[in-house]
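The numbers here are math on the coordinates, done by the rules we state, and not lab data. Since we're looking at a predicted model, the values are computed, not measured. Please note: Cβ atoms are built from the backbone with ideal geometry, for glycine as well, and neighbour counts cover all protein chains shown.
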Amino acid sequence: MGAGTFVGASSINNKAYATNILSPSTLAVRGGNPVILRPDWPSWPIWKPKTDEKKLIEVMRSGIWSRNKLTDEFERKWAELVGSKRCLAVVNGTNALNASLAQLEIGWGDEVLVTPYTFIASVSCILFNGAIPVFVDIDPETFQINPDKIEEKITSRTKAILPVHILGLPCDMERIMSIARKHNLLVVEDACQAWLAEINGKKVGTFGDAGCFSFQNSKNMPIGEGGAIVSDNDAFMDRCYSYHNYGNPYGATAGQISAGTVMIGTKLRITEYQAAIGLAQMKRLKEQTTLRDENATYLKSLIQNIEGITPYKLTPNVTKSAFHLFPFLYNKEGFSGLSRDQFLKALAAEGVPCSGGYAELNKMPFLKNAFNSKYYQKFYSKQELDYDRYSEENKCPANEKLCNEWAVWIPQNVLLGSKSDMNNIANAIQKIKDNAEKIKNKV
Ligand SMILES: Cc1ncc(COP(=O)(O)O)c(C=O)c1O
């Protein structure tokens, strides 16, 4: 997920619960009983001691710890699961993105269109490769890049679009691909939060020239660290493979020279331990994704009529979402002016882990820092690196509102709970609304 510290359920007033002297309608944040008295959301990550631990011990005892057959199997199965011809496992999602851009030759002198509502790695990969990120504002209802705003940002320097299926909800890939085709742009999908999400039955990550995934610890498909690149393009995947293994020859790259290193590369290989954990997690992923999707749809139906709460809206033709986070918009006008921070504190006290989500990425100092770096200064003109002009042109007013006032996230493991857990979350929100006036100035 990468941002937004979750306010956990641990702040529940246990004393009030133990003595049970307060009215159930008193907010937990004011000493009342929380709606969710004994929060027991499935903890994360989940593993099966018998089978998963056995696999890990088998790897250890084999003495084969570096990339080998299990990694090959993991790649084969991940490609099959997402419906892609090829998959390459790499050390993390960040480097899946870095490598994909590099091997598609997206870099110095290029502009890449990206959403500001994402984790930093979706943008740092552009800067790592020497290109300029151009921010396209979001549609706050979907939390995704706004396809209506993409074309106005295209210039003669635009080389690629980097759509991010943020929070596990697909962005409008059908529109994005048609814009990309029209303007002859490459597309690298950041599907680092969107394992098995689909549009019209087609998995995200398989629409563009490359799709990137993350398997970091908090992710719905957790390995601890890990990532993957998927694509149907053999030549590109061969280059990625070479690159992830010091530039050693592989597939089509091997044909270029009889012996020796064929290209500049680095080392991004995963271990057999990671592959073993990944294979075990993959077995559960489909079922867990369906459960999250069902619970999210149910929770949405429960809260959508609460004035002041607007749950996420899906982009057209979404047939499944991954729900790395369950997002909704909070409007304080529906809650007697209670600020989002006050609402989040009250919700956490009722037993619901929650967060306000991302800060504004397009205003963070790392951008200016990259522009000021020796390499950027050498390659680009003063005018191109005029940061005041850049920040003016990259203003994203909808994102500003979303980050600072509207967004509320509930983490994915909560969506592995029961229907009655979902009822409790809705009840907690309603309880805060009913008491908003009383607590406005006191939380
Ligand atoms: C949208 C997005 N992109 C990229 C990444 C980077 O993945 P990793 O943490 O595996 O490097 C993350 C991880 O948090 C992410 O959420």
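Where the centre of each part is set by its Cα atoms, how far does segment 265-286 sit from segment 78-143, in angstrom? Answer, in whole Å: 20. Straight-line reach from LYS332: taking Cα to Cα under 21 Å and skipping same-chain neighbours fewer than 8 places apart, the lysines in range are LYS300, LYS313, LYS345, LYS401, LYS431, LYS433, LYS438, LYS440, LYS442. May I ask you to list the residues of segment 218-255 whose amide nitrogen lies under 15 Å from a point 7 Å from Cα along the Cα→beta-carbon direction of LYS202? The answer is 231-233, whose backbone nitrogens lie closer than 15 Å to the label point.
With a Förster radius of 45 Å applied to the C-beta separation of LYS440 and TRP44, the computed FRET efficiency comes to 0.85. Peptides 52-63, 208-219, 406-417, ordered by how many other C-beta atoms sit within 10 Å of their residues on average, highest first, read 208-219, 406-417, 52-63. Relative contact order of the chain: 23 percent, from C-alpha pairs under 8 Å at least 6 residues apart in sequence.
Distances between placed amide hydrogens fall under 5 Å for THR319 paired with GLU198, ILE199, ASN200, GLY201, all partners being 5 or more residues away or on another chain.
Ordering of 146-156, 165-175, 371-381, 267-277 by packing is 165-175, 267-277, 146-156, 371-381, highest average first (other Cβ atoms within 10 Å, averaged per residue). What residue among THR261, ASN372, ILE106 has its Cα farthest toward the positive end of the dipole of the chain, where the charges are +1 on Lys, Arg and -1 on Asp, Glu, each on the Cβ? Sorting the options by dipole projection puts first THR261.
Mean residue ellipticity at 222 nm, helices only, the chain: -11000 deg cm²/dmol; runs of at least 4 DSSP H residues each add -39,500 (n - 2.57), and the sum is divided by the number of residues.
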